[in-house]
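Accompanying notes for the structure given below.
Computed from the coordinates by the stated procedures, all read-outs in this text should not be read as laboratory data. These numbers were taken from a predicted model, which means no experiment stands behind them. Note: ideal-geometry Cβ built from the backbone for every residue, glycine included; neighbour counts use all protein chains shown.
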Amino acid sequence: MSWPALANDFYHGKTLTVIVGFAPGGGVDTTARMVARHLVRLIPGQPGLVIQNMEGAAGIIAANHLARRVTADGLTLAVPGRSWFVEGIVKNPGATYDSTQFAYVGSPGATNSMVWVRASTGIRTFDDLRSHSKTLSFGSLGSTTPTGMIPTMLAGHGVPIKVIYGYVSTARVLLALEQGEIDGVFTVEDSFARRQDLIKNKIVVPVLQNKQTLPGVPLLRDVLPPSQLPLLTLALALESFGLPLVGPPGISPDRIAVLRQAFIAMSKDPDYRAEAARIDQPIGAPLAGETLEAMMKELAAETTPEIVAAYRRLAAGKQ
């Protein structure tokens with residue numbers, strides 16, 4: 001592999017800081033720590049590593065910090081979360097950044113989200129959920145995240161769901177689910193990386209999915225009206241992007257090239273792939289930084305004012 005000149009000299013003896021936009025223990029934190037730990041092994045000079053959790057606003061706080069307060073020297077990166085970049089594209093007042101301007105390093109790959117419900121409710125299928133006699137509570141990280149938006153969309157079309165906002169991490173949502181504090185959740189599969197017991201012990205069951213990975217489980221796009229599909233695409237853009245590792249705007253081309261090359265090398269590394277497989281992380285189709293950058297610009301260009309208006313209504317918890 002050909003590394004840009006002086007790459008070894010720059011990172012040798014230095015420390016890479018990776019900011020994580022969620023609390024320790026959840027799906028975002030689990031993936032971010034694994035990626036960061038393996039990445040530094042493959043950056044020339046093998047810098048040290050510090051993980052900094054900066055939770056709040058479903059990753060927006062971490063992304064704001066990265067855009068406005070971090071020096072663009074390649075020594076600080078972030079995994080803000082899954083939906084923060086959409087908030088930049090729709091110009092959420094709290095998101096003081098342009099999502100197209102970050103230095104995208106890479107992503108482990110696309111994911112799939114599902115509606116999970118507690119088996120104790122007696123629900124086994126989406127039809128059971130839709131016809132349930134009682135309103136079911138779904139835990140959410142916030143109204144601007146798919147964990148809140150998708151259940152709200154479903155509730156707007158007759159599914160008996162009430163969304164409970166305010167959980168600061170998926171780990172806490174899953175704990176609430178385990179303890180019966182809530183009845184269900186919409187989240188990505190790898191949220192259960194550290195809680196496979198909930199699935200194996202059939203405490204929760206999947207009844208709806210965004211992509212066709214589980215046989216017999218219906219798709220979101222098939223249970224919502226066609227008029228809702230553009231909004232659904234924007235709300236679930238996170239699945240196409242996975243969990244991006246990004247740097248602040250303005251990192252020099254030679255330094256971002258070093259980080260991108262190290263990320264691709266990591267994606268092929270057997271130790272990384274073995275650990276990712278053990279905790280059910282996506283490893284089949286990693287996304288290069290250049291690809292993420294192009295995808296982000298395309299998403300921004302295709303998001304019309306009408307879609308933004310619908311998204312904002314949904315983010316406000318309106319059906």
* Separation of region 122-185 and region 241-287 by C-alpha centroid, Å? -> 32 Å
* Asked: Where Rh denotes the Kirkwood radius from the mean inverse Cα pair distance, what is Rg over Rh for region 1-141?
  -> 1.10
* **For region 113-235, the spread of Cα positions along each principal axis, largest first, Å** => 37, 29, 29
* Structure fact -> Of all DSSP beta bridges with both partners in the chain, the antiparallel percent, nearest 5, is 50 percent
* Structure fact -> Unit-weight point scatterers at every alpha-carbon of the chain, Debye formula, q = 0.08, 0.12, 0.15 1/Å: log10 I(q)/I(0) is -0.35, -0.78, -1.19
* Out of the DSSP beta bridges found with both residues in region 113-235, what percent are antiparallel (nearest 5)? -> 60 percent
* Using a Gaussian network model of the chain whose springs link C-alpha atoms within less than 10 Å, name the residue from SER267, SER133, SER113 with the highest mean-square fluctuation. => SER133
* To do: Within 10 Å of each residue's Cβ, count the other Cβ atoms and sort THR147, THR121 from fewest upward.
  => THR121, THR147
* Under a point spin-label approximation (7 Å from Cα along Cα-to-Cβ), what is the ALA274-LYS162 distance to one decimal in nm? -> 4.9 nm
* **Computed P(r) (all Cα pairs; region 204-276; 10 Å bins; percent)** => 14, 28, 27, 23, 8
* Furthest towards positive pole of dipole, PRO160, ILE89, PHE22, structure part the chain, Cβ charges -> PRO160
